[in-house]
Amino acid sequence: MSKNKYFLVREKAVPEVLLKVVEAKRLLETRKVLTVQDAVDQVGISRSSFYKYQDDILEFHDTTQGTTITLTVQMDDEPGLLSEVLKTVADYGANILTIHQSIPVNGSASLSLSVQVLQTTGNVTEMLTAMEEKSGVHYVKVLARE
């Protein structure tokens, strides 16, 4: 018996057909369409593709509640930037468990952050995007999810 392996990837790395499966599932869940055929017709994939992948792809924020996410953030050494990043986490209603910032080298620092996702937490994907869009933040990567 083989174990299932799971991967966390950015949307840009996911094949278009899988993104369309997610979109079709969303149409069905929100009852914007009533049949699988209507959903796949609307997003432009075959029913066989939908059935093949429907159980294998989920949006990240759908399954994060009650978990801890460990992030790494590469950012410039600018006064107030760490505060802005942490405020974003607070604005989305997540609980910061640990913070560790490296000593800046060549004007750049790494931040390790463990965040608990609560019932009150907003969309985690949007939170990560908002963090990454801060001026001076180079990237935000999810290292682990427990």
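The values are calculated or read from the model by the stated rules, or taken from the named source; none is laboratory data. In this text, all values refer to a predicted model and were calculated from it rather than measured experimentally. As a convention, Cβ positions derive from the backbone with ideal geometry for all residues, glycine included, and neighbour counts pool all protein chains shown. The area values use the complete protein model at the heavy-atom level, side chains included, leaving out ligands, DNA and RNA. Shrake-Rupley method; radii C 1.70, N 1.55, O 1.52, S 1.80 Å.
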Taking Cα atoms only, helix 16-29 is inclined relative to the longest principal axis of the chain by an angle, in degrees rounded to 10, of 70 degrees
Using a 10 angstrom cutoff on alpha carbons, build the Gaussian network for the chain and name the most mobile of Leu34, Leu81, Leu18.
Leu34
Leaving out ligands and nucleic acids, and using a 1.4 Å probe, what accessible area per residue does the stretch 18-62 come to in Å²?
66 Å²
Roughly to the nearest percent, how much of the accessible area of the stretch 1-123 is carbon and sulfur, given a 1.4 Å probe?
50 percent
Straight-distance crosslink candidates among aspartates and glutamates, where the alpha carbon sits under 18 Å from Lys87 and sequence neighbours closer than 8 are dropped
Asp76, Asp77, Glu78, Glu126, Glu132, Glu133
Could you check which residue among Thr121, Thr129, Thr72 shows the biggest mean-square fluctuation in a GNM of the chain with a 10 Å Cα cutoff?
Thr129
Let me have the relative contact order for the chain, percent, based on Cα pairs under 8 Å that are six or more residues apart.
25 percent
Among His138, Thr68, Ser48, which residue has its Cα furthest toward the positive end of the charge dipole of the chain, with +1 on Lys/Arg Cβ and -1 on Asp/Glu Cβ?
Ser48
Given a Förster distance of 25 Å, the FRET efficiency implied by the Cβ-Cβ spacing of Leu143 and Glu16, rounded to the nearest 0.05, works out to 0.40
What accessible area, in Å² to the nearest ten, does a 1.4 Å probe give for Val43?
10 Å²
Cα centroid of the stretch 14-64 to Cα centroid of the stretch 90-146, whole Å:
29 Å
Over the chain, what per residue volume does the convex hull of the Cα atoms give, in whole Å³?
149 Å³
The chain, helix-only ellipticity at 222 nm - DSSP H runs n ≥ 4, -39,500 (n - 2.57), divided by all residues, nearest 500
-10000 deg cm²/dmol
The chain: longest stretch without exposed trypsin sites (Lys or Arg not before Pro) (DSSP loop, at most 12 other Cβ within 10 Å), sites themselves excluded?
33-146
Where the only charges are on Cβ atoms (+1 Lys, Arg; -1 Asp, Glu), what is the dipole of the chain about its Cα centre, to the nearest 20 debye?
520 debye
